[in-house]
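Values in this text are rule-based calculations from the coordinates and carry no lab data. Remember, predicted model here, so these are calculated numbers, not experimental data. Virtual Cβ from ideal backbone geometry, glycine too; neighbours counted across all protein chains shown.
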Amino acid sequence: MAFSTVNPATAQSVWACDAWDATQIERTLAESARAAAPWAATELSARCALLRRAAEVLRGRTAELAGLITLEMGKLAKEARAEVEKCALACDYYAEHAPAFVADELIASDAGRSLVAYQPLGTVLAVMPWNFPLWQVFRFAAPALAAGNGALLKHASNVPQCALAIEGVFTEAGFPPGIFRTLMIGAAQVEQVITDPRVHAVTLTGSEPAGRKVAAAAGAHLKKTVLELGGSDPFMVLEDADLELTVSNALASRFLNAGQSCIAAKRFIVVDAVADAFVASFKAEVEKLAAGDPAAEGTTLAPMARGDLRDELHKQVVASLERGAEKVTGCEPLPGPGYYYAASILDRVAPGMPAYEEELFGPVAAVIRVVDETEALAVANASRFGLGASVWTRDSERGERLARRIQAGACFVNGLVKSDPRLPFGGVKASGYGRELSHHGLREFVNAKTIWVR
């Protein structure tokens, strides 16, 4: 197969390269294996210094890297720049905090001295998606490299230039050859790499089916996995919510990155007492979004990343309308070149509709009306997904009480769900397992070794 860059704003192919053959794969795996032990033995302070240098490289190349993100998957220019900066922040964060995260943990026992030592596992394969083509990689790579692991990246096939640019950042920062490598391989070749004895663990951010395949392949060889899969995040609006604050955050949470985010709000669960007011205000703000060239600063609605993704989203919308959902605004592809879909709201979404049961990975908000807080909680948890959630209420104690009862890896009260290097990120149920970020993410790919001395 060949890799190609197709500009989502024009649907035109602008770059291409060939996939690797078996010889190239073997050469890279061998290089990675040679680099692993010396890197693990490198002083932690030296590894952290290289991470700081990577942050400098990212900031120095912001315009170039953000331009690649926009070209390959259609992200708005300002959002792409913010993504690059977030990657730099992650590098700085782990450069500062990794020494504390991997420090020996002394534990009193029947020994003269006993402790837990946190040591790298080896080489970690990362299978990454296209929607945050730099951030998804750096939030894995920064802690993994800081801990002394090597990294191999199998990126999504529609962001090949981003994949190569990430490797270039680490090379320019001075990381040893082989310690971070991009594999230009297709999905069919991933299992071969997972099963190779020179790969010691796997992390995947992607779809539920992809997660099952990766977990099965890794499990057959008893290799550690972390899976961050899909989400259908509830956005719970209670009767005492500050509607101005709530609507502004609803807009950002649903339509950032053209709605193509695993932690975007997707199910707007609104108590009847404020549902009409919420939908009216939400509609007014959504209709202000302007589709256009994502590289233009005035554009506020980006295209979707691929045509097949737009087609699948529209099928879900049409099926939901046929089963009784009400169109508030949008709900159709936009005419002209590129993969644009109108910013959309579906109201009175109910069980049995795709908008209720499935993840809508695009710029469509599904409003589900409920009687009260009790029903809102039941609906929030009536999903096979459990990634993020938010609760909107003027009573922060009430919000925290509900946040504790929502089945999700993260719940924000009166705030936009986001990933933060300081906080663990991941899901439950069909949204996956394991954690990225914070010390929890770094320790996913280390051996917590007990050492007991008489």
Backbone HN-Hα couplings from phi across region 137-149 [Karplus 6.51/-1.76/1.60, Hz, Gly and Pro as x]: 6, 5, 6, 8, 5, 4, x, 5, 5, 4, 6, x, 7
Value of relative contact order over region 233-413, rounded to a whole percent, pairs C-alpha under 8 Å and six or more apart: 28 percent
Amide H within-cut-off set for Trp15, under 5 Å, with H built and near neighbours excluded: Thr5
Between region 342-389 and region 398-454, the alpha-carbon center distance in angstrom: 23 Å
Dipole moment magnitude, nearest 20 debye, region 233-413 about Cα centre, only Lys, Arg, Asp, Glu C-beta charged: 360 debye
Computed label-point distance, nm, for sites Ala37 and Arg398 using a 7 Å Cα→Cβ extension: 6.3 nm
Length-normalised contact order of region 334-423 in % [C-alpha pairs under 8 Å, at least 6 apart]: 20 percent
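Under 8 Å for C-alpha pairs, at least 6 residues apart: give me the relative contact order for the chain, rounded to a whole percent.
Details: 1024 pairs, mean separation 85.2, N = 454.
For the chain, the relative contact order is 19 percent.
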Per-residue HN-Hα couplings for region 249-265 [Karplus 6.51, -1.76, 1.60; θ = phi - 60°; Hz; x = Gly/Pro]: 6, 4, 4, 5, 5, 8, 10, 4, 6, 6, x, 9, 9, 5, 9, 5, 5
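Determine the gain in length on full extension of the stretch Ser248-Arg59; use 0.36 nm per residue of separation and subtract their C-alpha separation, reporting nm with one decimal.
Gain on extension, Ser248 to Arg59, equals 65.1 nm.
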Stretchable slack from Ala350 to Asp18, in nm (0.36 nm times residue separation minus alpha-carbon distance): 114.9 nm
Local net charge near Val367, Cβ-Cβ under 13 Å (Lys/Arg +1, Asp/Glu -1): +3
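Quickly rank 293-306, 133-146 as a protection proxy: mean count of other C-beta atoms within 10 Å, highest first.
Details: 293-306: 19.9, 133-146: 26.6.
The packing order, highest mean first, is 133-146, 293-306.
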Within the chain: Cβ-based charge dipole about Cα centre, in debye rounded to nearest 20 (Lys, Arg +1; Asp, Glu -1): 1160 debye
Prolate/oblate/rounded call for region 9-110, Cα gyration tensor, a/c under 1.5 rounded: oblate
Per-peptide average of other Cβ atoms within 10 Å, ordering 180-193, 340-353, 36-49, 9-22 highest first: 340-353, 180-193, 36-49, 9-22
Distance from region 123-157 to region 299-329 (C-alpha centre basis), Å: 30 Å
Fraction of beta bridges assigned by DSSP in the chain that are antiparallel (%, nearest 5): 40 percent
Charge dipole of region 233-413 about the Cα centre (unit charges at C-beta), most positive-ward option of Ala350, Gly399, Ala273: Ala350
Pairs from Lys315/Lys429; Lys288/Lys327; Lys223/Lys449; Lys78/Lys418; Lys154/Lys223 whose Cα-Cα separation, in the structure shown, is over 20 Å: Lys315/Lys429
Two-decimal ratio, the chain, of alpha-carbon radius of gyration to 2.2 N^0.38 Å: 1.00
Whole-Hz ³J(HN,Hα) from phi, Karplus 6.51 cos²θ - 1.76 cosθ + 1.60, for region 154-161, glycine and proline x: 10, 8, 4, 5, 8, 10, x, 5
Other-chain or far-sequence residues with amide H under 5 Å of Val367's (modelled H): Phe268, Leu346, Asp347, Arg348, Val349
Placed amide H near Thr203: partners under 5 Å, 5+ positions off or other chain: Leu125, Ala126, Val127, Val226
Simple spin-label estimate for Asp110 and His221 in nanometres, 7 Å along Cα-Cβ: 4.0 nm
Around Gly432: net Lys/Arg minus Asp/Glu count, Cβ-Cβ under 11 Å: 0
Virtual spin-label span in nm between Arg454 and Ala284, 7 Å along Cα→Cβ: 7.9 nm
For region 100-233: span of alpha carbons on each principal axis (Å, largest first): 56, 36, 36
